[in-house]
Structure formats: structure tokens, C-alpha cells
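The values are calculated or read from the model by the stated rules, or taken from the named source; none is laboratory data. Predicted model only: the values in this text are computed from it and were never measured. Don't worry about glycine lacking a Cβ; one is built from the backbone with ideal geometry, like all the others, and counts go over all protein chains shown.
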Amino acid sequence: MLQATTKAEFSTQDVLKGDLLMASKFFHVHHEFRAGKAQQWWEMAQAAMAPGGGWDEAVAKNLEAGFYNHSFCPVGPEGPAFCIWEVREGITAEEFQEFIDGPKGVNFGLGAWMNICREINVEMAGTPPYPRKF
């Protein structure tokens, strides 16, 4: 918790300590394509991200539901890819896994990716990997 000061400012240490106590969680997700699914997934992803493809609306709905993808880092067209996701307070690791594997997650309902999700230990890291959305 941030400590009161006599000045209208906080120390860097107080801000970092307060940020660590915020309730959202971050996950590192390792994505591997299932056999024969890469081409179909890329076609669907490119269509979704094209103007009018619904990408912005999907991002807004996911944010409202408590899920935000900070970064998508593909290594090659056949994978793997790595992402950093943030989830709102109260969402469990199991619920996040269900989301990421489901039709509103990265699979677009195709079942193209095998997703290995690991919660990032923000306390051990010292700071969150990105500014928090929640």
C-alpha cells in the first residue's frame, strides 16, 4: 500500500510496492501450432486484423471480460509464438486457460494452437512486464 508523505509525491519504491499489490495477473503464453493448422490460422488472423475484420471489437470485448494481450511475438509462420497476457482480479489460471483455448481466445475456434500458460511472478520480477490495464 502506498504510504502517505508530507509532500505531494511518492518515492519510486512506494510506487513499485503499490503496483505489485494491484490484483491483476500476467501470464506468459507459449503457443505451438497443431499439425497442419498454421496456414488456416494465419489466413483467419489476417482477415480478422484487416479493416472491418472485427479485430478492434474482439479486443474491446476481451478487455471488458478481463483479458488483455500486451504482446504477440511469432517466431516463424509455423510457430512457435509467445504472448504476454494480463487478466483482471478474480480470474483464475484455469479460467484463463479456458479462455485462451476457447473461441474468444487465440484459436478463433479452430483449435490451431496448443497453449502453455504460465503465471509471471511479478513480485520476483520487481515490476510488471507492461503497465497494467486493470
>> I'd like to verify a number: residues in segment 70-87 that are under 11 Å from the mean Cα position of the chain (by Cα) and buried (at least 17 other Cβ atoms within 10 Å of the Cβ), how many?
In response: 5
> Is it the case that Gly90 is within 22 Å of Met49 (Cβ to Cβ) and in a loop (DSSP other than H, G, I, E, B)?
Replying inline: no
>> Condition (residue is modelled with pLDDT under 95 and in a loop (DSSP other than H, G, I, E, B)) applied to segment 64-75: is it met by at least one residue?
In response: no
> If you go through segment 115-134, how many residues are more than 29 Å from Trp41 (Cβ to Cβ), among the acidic types (Asp, Glu) and either at pLDDT 95 or above or in contact with a His (Cβ under 8 Å, 6 or more places away or on another chain) (or both)?
Replying inline: 0
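For segment 32-43, which positions are among the small types (Gly, Ala, Ser) and either within 17 Å of the chain's Cα centre (by Cα) or outside any loop (DSSP other than H, G, I, E, B) (or both)?
Ala38
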>> Six or more apart or on different chains, Cβ atoms under 9 Å: show the pairs whose first residue is in segment 92-114 and modelled with pLDDT under 95 and whose second is of a type in the set (Asp, Glu).
In response: Gly105/Glu98; Asn107/Asp101; Gly111/Asp101
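Which residue is farthest from the chain's Cα centre (by Cα), if the candidates are limited to segment 44-60 and must be assigned to a helix (DSSP H, G or I) and more than 20 Å from Cys73 (Cβ to Cβ)?
Taking segment 44-60 and keeping what is assigned to a helix (DSSP H, G or I), we get 44-49, 55-60.
With more than 20 Å from Cys73 (Cβ to Cβ) added as a condition, the list becomes 47, 56-57, 60.
Details: Ala47: 21, Asp56: 15, Glu57: 16, Ala60: 13 Å.
Filtering segment 44-60 for residues that are assigned to a helix (DSSP H, G or I) and more than 20 Å from Cys73 (Cβ to Cβ), the one farthest from the chain's Cα centre (by Cα) comes out as Ala47.
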> Does segment 23-31 contain any residue that is in a strand (DSSP E or B), over 12 Å from the mean Cα position of the chain (by Cα), touching a residue at least 40 places away in the same chain (Cβ under 8 Å) and surrounded by 17 or more Cβ atoms within 10 Å (Cβ to Cβ)?
Replying inline: yes
>> Here are the criteria: (1) touching a Cys at 6+ places or on another chain (Cβ under 6 Å); (2) surrounded by 15 or more Cβ atoms within 10 Å (Cβ to Cβ); (3) not small (Gly, Ala, Ser). Tell me which single one Phe67 does not satisfy.
In response: (1)
